[in-house]
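The values are calculated or read from the model by the stated rules, or taken from the named source; none is laboratory data. Nothing here was measured: the structure is a model prediction, and the numbers come from that model. Don't worry about glycine lacking a Cβ; one is built from the backbone with ideal geometry, like all the others, and counts go over all protein chains shown.
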Amino acid sequence: MTISKYLIRISFVVIFVVFILFSSVVVFVTDWWWFSEVGHTQIFIKSLIVKIALFSASGIFAAVFLLINFFLATRSKISWMAVLPEALIGRPVSLKSGIVKKLAVVLSVAIAIFFGLAAAANWQEVLKFISGTPFGTADPIFNKDIGFYIFSLPVFQIGLGLIKFLVLLTLIGCVV
């Protein structure tokens, strides 16, 4: 009976992954066909490269940042106790440091993937930042070019927001 439950769970996970991959492939292929049809394949390739670069760079940065902080937090000599209600098991559960380190790696990679996806979602702002040009008119209050507010400031705000969120998740993970 346990094998069939295990097989059913694995089947659901495989079906879910296949569905996600299939839908992503369908979107990619239709976009490719459309851009090819209108003669703008280079635009599609450029956006794809920027998305992949943003995902990779920010994901690797987040993974390294989280792993360093989580491993520094797990170096403590305090024994790890799982916080489970006493009604479930009747006594506290002590976790070995190896399990905690494996959990830290899994959480770091999972958070880094979502962090990379969040950064890659802002690919248009990054392309505007890269291709931005000055307007030639200065803001009367801060004496900055208007192009700064249109092209640069949104990217700085997005980057700062992502870094704040990463630091918050790191603090929560290290405290727990």
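Could you pull out the residue among Ile52, Ile43, Ile15 that is free of Cβ contacts under 8 Å to residues at least 24 places away in the same chain, surrounded by 11 or more Cβ atoms within 10 Å (Cβ to Cβ) and either in a helix (DSSP H, G or I) or out of contact with any strand residue (DSSP E or B) (no Cβ under 6 Å at 6 or more places or on another chain) (or both)?
Among Ile52, Ile43, Ile15, only Ile43 is free of Cβ contacts under 8 Å to residues at least 24 places away in the same chain, surrounded by 11 or more Cβ atoms within 10 Å (Cβ to Cβ) and either in a helix (DSSP H, G or I) or out of contact with any strand residue (DSSP E or B) (no Cβ under 6 Å at 6 or more places or on another chain) (or both).
Checking the conditions here, which among Leu127, Leu117, Leu103 is at pLDDT below 90 and either part of a strand (DSSP E or B) or outside the structural domain of Thr30 (by TED's automatic domain parsing) (or both)?
Answer to the check: Leu103.
Yes or no: Ile163 part of a helix (DSSP H, G or I), closer than 23 Å to Phe65 by Cβ and free of Cβ contacts under 8 Å to residues at least 40 places away in the same chain?
In short, yes.
Residues in segment 41-59: is at least one under 30 Å from Ile99 (Cα atoms), of a type in the set (Ser, Thr, Tyr), at pLDDT below 95 and assigned by TED's automatic domain parsing to the domain that holds Val106?
no
So that you can scan it fast, the table gives a plain yes or no per residue for (1) closer than 28 Å to Ile52 by Cβ; (2) at pLDDT 95 or above:
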{"residue": "Pro92", "(1), (2)": "no, no"}
{"residue": "Leu107", "(1), (2)": "yes, no"}
{"residue": "Asn143", "(1), (2)": "no, no"}
{"residue": "Gly147", "(1), (2)": "yes, no"}
{"residue": "Ile150", "(1), (2)": "yes, no"}
{"residue": "Val155", "(1), (2)": "yes, yes"}
{"residue": "Ile163", "(1), (2)": "yes, yes"}
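Tally up the residues in segment 134-160 that are assigned to a helix (DSSP H, G or I) and more than 30 Å from Lys102 (Cα to Cα), please.
So the answer is 13.
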